[in-house]
Amino acid sequence: MQQDYTTLTLPDVQPDLDMNGGFLCSWTYWQPDTAAPDPEVPGLKLSMITYLPVAPAADCLCGSGESYARCCRTLRYWQPVCPSPDLRGFGLLAPRSATFRAVDGAAMRERLMDDARLYCTEDTPDRVFWTLWGEPALESEYGIICFGDIELRNRRTLIVSAMSTPRMAILLDLLAGADDAGLPSPTVEHDPIQVFDKRTRERRELSPRRAGERKPSGWRRKRA
Ligand SMILES: [Zn+2]
């Protein structure tokens, strides 16, 4: 689920990146929109991709337990990751959304408004939107680091979006704690993953990565 406030993307893959030396890491920041009547609402969302160098003998950031040289280094594209919510590690990019229908939206709204980890960027009868900040919020020169979103539509439908499995787990935990009656089972949708080909530097789309799956389907190891 995409947010409909401004998204900026920078910088794209630089030409001098080491082809087999690391990962591309996806970051999302929130910052006030100083040009808006209310700079805080909805604010600006900034998406950024940075390059993370990794030594061949280091543990692979995908979490496989193998060395980087034996694992993601052999891929034809840079494996995309995002920082884990505690900023102590990384998770493979696996964007997905979970949709809960027929929720008690009024009660849920009240509980989520009280959660210090969430920051509300929109609050209308049709749509309430929260972004997940760290606890405490983690500020950088680009803004506050965001780890996922919760949207309430028409006080009935709750849509949770996250870029990785650990992030989604945190959001679902948070929701479970905010609902006494027990939420209905969500519909989960997995989104395609955007990657950059190491040789052509062009964007490619991989099929969605399911929970628990380390490599997306269609993944192949390049022969050395
Ligand atoms: Zn790996």
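The values are calculated or read from the model by the stated rules, or taken from the named source; none is laboratory data. A quick note: this is a predicted structure, and the numbers were derived from the prediction, not measured. Don't worry about glycine lacking a Cβ; one is built from the backbone with ideal geometry, like all the others, and counts go over all protein chains shown.
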Exercise. Restricting attention to segment 79-102, which residues are surrounded by fewer than 21 Cβ atoms within 10 Å (Cβ to Cβ) and β-branched (Val, Ile, Thr)?
Worked result: 99
Problem set entry | Residues being part of a loop (DSSP other than H, G, I, E, B) and either more than 6 Å from the ligand (Cβ to nearest atom) or of a type in the set (Val, Ile, Thr) (or both) - total across segment 60-77 | 6
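Can we say residue 216 is more than 13 Å from the chain's Cα centre (by Cα), closer than 23 Å to residue 77 by Cβ and modelled with pLDDT under 90?
Judged against the criteria, residue 216 is a match.
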For this session: Determine whether segment 135-144 contains at least one residue that is touching a residue at least 60 places away in the same chain (Cβ under 8 Å), loosely packed, with under 15 Cβ neighbours inside 10 Å, outside the structural domain of residue 28 (by TED's automatic domain parsing) and at positive phi.
Result: no
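Filter segment 101-118 down to the residues that are in contact with an Asp or Glu (Cβ under 9 Å, 6 or more places away or on another chain) and outside any helix (DSSP H, G or I) and list them by number.
Across segment 101-118, the qualifying residues are 103, 104, 116, 117.
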Exercise. Given the residues 106, 55, 94, 116, which is the only one that is out of contact with any strand residue (DSSP E or B) (no Cβ under 8 Å at 6 or more places or on another chain) and within 16 Å of the ligand (Cβ to nearest atom)?
Worked result: 55
Exercise. Pick from segment 70-102 the residues that are charged (D, E, K, R) and at pLDDT below 90: which of them is nearest to residue 163 (Cα to Cα)?
Worked result: 86
Seminar exercise, completed: Among residues of segment 48-59 being without any contact (Cβ under 8 Å) to a residue 40 or more places away in the chain and not in a loop (DSSP other than H, G, I, E, B), the residue surrounded by the most Cβ atoms within 10 Å (Cβ to Cβ) is 51
Seminar exercise, completed: Log entry, pairs with first residue in segment 81-94 being aromatic (Phe, Trp, Tyr), second being surrounded by 13 or more Cβ atoms within 10 Å (Cβ to Cβ) and not in a loop (DSSP other than H, G, I, E, B), beta carbons closer than 9 Å, six or more apart or on different chains, reads 90/23; 90/25; 90/52; 90/81; 90/82; 90/83
